[in-house]
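Here's the structure we're looking at; comments come further down.
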Amino acid sequence: MKIIGLFVLFAYSVVARVIDETCDGVIVHNIYHNKEIIKEDINSAYQLAIDYDKNTLFFSYSKADVGSMFNSAYINLKTNEYKEIEGINGGFANAVDGQTKTVYLGGSDGIYKFDYETCRATHIDGVNDNTWQIFIKKNIYYTTYPDEYVYVYKNSQSERVPEMLETKAMLVALDNNDNIYFSNSSGLFVHKKVKNYVIFLGDYNLNSITNDVNGNLFFSTPEGVYFIDDKSEQVKKLVSIDNIYGVVVEKDGNIIYASENSIVRLKPSKTNCIVNEKHSVNVI
Ligand SMILES: *[C@@H]1O[C@H](CO)[C@@H](O)[C@H](O)[C@H]1NC(C)=O
């Protein structure tokens with residue numbers, strides 16, 4: 001009896017140790033994820049955006065040798081071909097209009113269109129602001145710095161978004177029901193379209209907000225990646241990772257994030273993990 005008992009105990013501790021080891025890493029939805037480095041030695045990659053049609057990731061990065069000057073670049077997610085984009089001043093914001101299949105880039109003097117053939121950006125008419133972020137949902141929405149105003153660009157003209165006249169916003173995103181999510185130094189808010197009022201979602205320190213191919217919204221803070229469940233009206237933390245600079249979601253749902261000096265894809269493994277960490281869930 002004693003011997004069997006010892007054996008069971010021994011076997012149990014071995015199993016427990018193996019599970020612990022396998023799960024000491026990145027876990028999303030209770031599944032262990034491997035980190036796959038897409039681009040190394042890239043300084044502070046911000047404002048990630050994917051052209052799903054061309055499977056290409058756009059981002060801006062900081063040219064360490066030229067102070068804090070930002071520059072736009074892209075990487076083909078299949079071939080890993082990397083290119084820096086010419087023709088834009090202080091390239092910072094990146095967004096893709098999936099419907100018109102147009103890539104827009106924001107610089108220190110307005111918005112540009114990107115041309116794959118020449119690998120150059122060309123300034124569009126009607127926007128000359130220092131552009132912080134661009135988000136496309138039917139129209140082109142963008143924020144400015146240092147004013148932190150939200151504009152919409154349509155019919156070759158831009159105007160302040162009427163619902164956002166009273167507030168500052170650094171980042172903006174629309175869900176499938178035209179609710180406007182925005183963040184400023186006070187946290188994350190949503191302007192509800194139907195009832196025309198603003199709800200505070202939490203004092204998250206957002207550095208990026210993005211939508212996946214179905215229009216679901218995700219955002220990042222320096223502590224991790226979050227999902228906004230618009231049906232249950234909850235913010236859910238998907239994964240805790242330190243020093244995140246931005247996030248984007250691939251067509252098949254894989255998370256890509258930027259760290260201080262690299263761009264990383266989280267690839268799900270076949271390992272299931274039991275996570276004891278309490279997920280931070282905020283009820284709206
Ligand atoms: C952020 O937005 C909210 C909601 O509009 C507003 O009440 C708050 O004053 C803003 N914070 C800053 C720092 O402007």
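The values are calculated or read from the model by the stated rules, or taken from the named source; none is laboratory data. Computed from a predicted structure; not experimentally measured. Cβ coordinates were reconstructed from backbone atoms using ideal geometry, including for glycine residues, and neighbour counts include every protein chain displayed.
Restricting attention to the range 143-159, the residues being charged (D, E, K, R) and either within 14 Å of residue 131 (Cβ to Cβ) or buried (at least 22 other Cβ atoms within 10 Å of the Cβ) (or both) number 2.
Can you confirm whether the range 198-206 contains a residue that is within 16 Å of the ligand (Cβ to nearest atom), part of a loop (DSSP other than H, G, I, E, B) and modelled with pLDDT under 95?
Initial filter on the range 198-206 (within 16 Å of the ligand (Cβ to nearest atom)): 198-206.
Add one more test, that the residue is part of a loop (DSSP other than H, G, I, E, B), and what stays is 203-206.
Subsequent filtering for residues that are modelled with pLDDT under 95 retains none.
For the range 198-206, residues within 16 Å of the ligand (Cβ to nearest atom), part of a loop (DSSP other than H, G, I, E, B) and modelled with pLDDT under 95: absent.
Residues that are crowded, with 22+ Cβ neighbours inside 10 Å and either among the β-branched types (Val, Ile, Thr) or more than 15 Å from the ligand (Cβ to nearest atom) (or both) within the range 162-172 comprise just one, 172.
Listed by position, the strands (runs of 3 or more DSSP E) contained in the range 220-266 that have at least 1 residues being in contact with a Lys or Arg (Cβ under 7 Å, 6 or more places away or on another chain) and under 18 Å from residue 176 (Cα atoms) are 224-229. Quick check on the range 94-104. Is at least one of its residues on the phi > 0 side of the Ramachandran plot, in contact (Cβ under 8 Å) with a residue 40 or more places away in the chain and part of a loop (DSSP other than H, G, I, E, B)? Yes: the range 94-104 contains one or more residues that are on the phi > 0 side of the Ramachandran plot, in contact (Cβ under 8 Å) with a residue 40 or more places away in the chain and part of a loop (DSSP other than H, G, I, E, B).
Screening 42, 38, 88 for residues that are buried (at least 24 other Cβ atoms within 10 Å of the Cβ) and at negative phi leaves exactly one candidate, 88.
Given the residues 141, 61, 74, which is the only one that is over 18 Å from residue 258 (Cα atoms) and not in a helix (DSSP H, G or I)? Steps first, please.
Values: 61 fails: over 18 Å from residue 258 (Cα atoms); 74 fails: over 18 Å from residue 258 (Cα atoms).
One residue alone meets the criteria, 141.
In the range 28-87, the qualifying residues are those that are more than 17 Å from the chain's Cα centre (by Cα) and among the hydrophobic types (A, V, I, L, M, F, W, C), and the one that is farthest from residue 210 (Cα to Cα) is 66. The condition of being within 11 Å of the ligand (Cβ to nearest atom) and either among the β-branched types (Val, Ile, Thr) or in contact (Cβ under 8 Å) with a residue 12 or more places away in the chain (or both) does not hold for residue 175.
If I ask for residues that are out of contact with any strand residue (DSSP E or B) (no Cβ under 7 Å at 6 or more places or on another chain), in a strand (DSSP E or B) and either in contact (Cβ under 8 Å) with a residue 24 or more places away in the chain or near the ligand (Cβ under 8 Å from one of its atoms) (or both), which ones from the range 183-197 would you list?
Step one: list which residues in the range 183-197 are out of contact with any strand residue (DSSP E or B) (no Cβ under 7 Å at 6 or more places or on another chain), which gives 184-186, 193-197.
Subset that is in a strand (DSSP E or B): 184, 197.
Residue satisfying the conditions is 184 alone.
Among the residues that make up the range 104-127, is at least one of them within 16 Å of the ligand (Cβ to nearest atom) and modelled with pLDDT of 95 or more? So far as the range 104-127 goes, no, none of its residues is within 16 Å of the ligand (Cβ to nearest atom) and modelled with pLDDT of 95 or more.
For the range 221-231, check the following and say yes or no: at least one residue is out of contact with any His (no Cβ under 7 Å at 6 or more places or on another chain), aromatic (Phe, Trp, Tyr), under 24 Å from residue 163 (Cα atoms) and surrounded by fewer than 21 Cβ atoms within 10 Å (Cβ to Cβ). Among the residues of the range 221-231, at least one is out of contact with any His (no Cβ under 7 Å at 6 or more places or on another chain), aromatic (Phe, Trp, Tyr), under 24 Å from residue 163 (Cα atoms) and surrounded by fewer than 21 Cβ atoms within 10 Å (Cβ to Cβ), which makes the answer yes.
Only one of 244, 180 is hydrophobic (A, V, I, L, M, F, W, C), touching a strand residue (DSSP E or B) at 6+ places or on another chain (Cβ under 7 Å), buried (at least 19 other Cβ atoms within 10 Å of the Cβ) and within 20 Å of residue 34 (Cα to Cα); which? Steps first, please.
Working: 180 fails: within 20 Å of residue 34 (Cα to Cα).
Of 244, 180, the one residue that is hydrophobic (A, V, I, L, M, F, W, C), touching a strand residue (DSSP E or B) at 6+ places or on another chain (Cβ under 7 Å), buried (at least 19 other Cβ atoms within 10 Å of the Cβ) and within 20 Å of residue 34 (Cα to Cα) is 244.
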